Amino acid sequence: MSDYILIHDDQASFLPSFGAATVVVQPGTLEGSGPATLDGKAFCVEGDEASVSVPGCTYMTPQYSIPGTGTLSIDSLASDQTAQHTKSGGKAVLLKGGSFTAKFEVQSPAQQPPPGPGSPIPDATPQYSGSGSFITTNTKLTGT
């Protein structure tokens with residue numbers, strides 16, 4: 001099935017629900033490295049999804065209500081987000097597709113208010129899993 005090819009500066013949009021954690025999400029930006037271009041912007045090819053990193057996002061959970069921070073990134077692509085036939089520079093191009101698996105890595109843990117006097121209890125979970133999708137400005141070229 002064909003879908004729009006992702007190009008440099010397209011966005012990765014993350015959903016705020018990461019399991020038990022709710023993240024204040026911000027979009028990430030793809031950096032295309034393929035030799036082919038559309039309107040002067042490089043195609044995104046396999047591996048370019050690793051260029052998406054959104055640091056400084058706040059999060060909390062029902063148990064840990066004092067917000068913490070972390071970094072959003074793409075953990076893995078869905079099968080319909082990598083072209084089977086369309087290539088640029090010998091690598092499969094990335095397609096808009098469905099939903100990718102996202103990762104939220106905790107940098108500064110959210111904390112649970114202490115039950116009495118004392119210091120807050122930090123969240124011990126180092127990362128959370130979620131999902132997201134791509135937003136592309138390309139409305140001309142599709143790949144399969």
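Data overview
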item	result
Unique residue being on the phi > 0 side of the Ramachandran plot, of a type outside the set (Phe, Trp, Tyr) and modelled with pLDDT of 95 or more when the list is 89, 118	89
The stretch 43-70, residues that are surrounded by fewer than 18 Cβ atoms within 10 Å (Cβ to Cβ), touching a residue at least 24 places away in the same chain (Cβ under 8 Å) and farther than 30 Å from residue 112 by Cα	47, 50
Selection count where residues are of a type outside the set (Gly, Ala, Ser) and touching an Asp or Glu at 6+ places or on another chain (Cβ under 6 Å), scope the stretch 98-133	4
Residue list for the stretch 37-53, restricted to those being outside any helix (DSSP H, G or I) and more than 30 Å from residue 110 (Cβ to Cβ)	37, 38, 39, 40, 41, 42, 43, 44, 45, 46, 47
Any hit, the stretch 5-21, residues being of a type in the set (Phe, Trp, Tyr), under 25 Å from residue 128 (Cβ atoms) and within 12 Å of the chain's Cα centre (by Cα)	yes
Candidates 99, 79, 131 - the one that is touching a Phe, Trp or Tyr at 6+ places or on another chain (Cβ under 7 Å) and closer than 19 Å to residue 44 by Cβ	131
Criterion: outside any strand (DSSP E or B) and at pLDDT 95 or above - qualifying residue of 34, 56	34
Flag for residue 64 being assigned to a strand (DSSP E or B) and at pLDDT 95 or above	no
Residue within the stretch 71-94 that is assigned to a strand (DSSP E or B), over 30 Å from residue 4 (Cβ atoms) and touching a residue at least 60 places away in the same chain (Cβ under 8 Å) present	no
From 92, 78, 110, residue being closer than 30 Å to residue 37 by Cβ and buried (at least 18 other Cβ atoms within 10 Å of the Cβ)	92
Candidate set: the stretch 95-134, residues that are among the hydroxyl-bearing types (Ser, Thr, Tyr) and in a loop (DSSP other than H, G, I, E, B); chosen: the one nearest to residue 76 (Cα to Cα)	99
Flag for residue 144 being under 21 Å from residue 46 (Cα atoms) and either out of contact with any Phe, Trp or Tyr (no Cβ under 8 Å at 6 or more places or on another chain) or at pLDDT 95 or above (or both)	yes
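The values are calculated or read from the model by the stated rules, or taken from the named source; none is laboratory data. Note that this is a predicted model, so its numbers are computed, not measured. We place every Cβ from the backbone using ideal geometry, glycine too, and count neighbours over all the protein chains shown.
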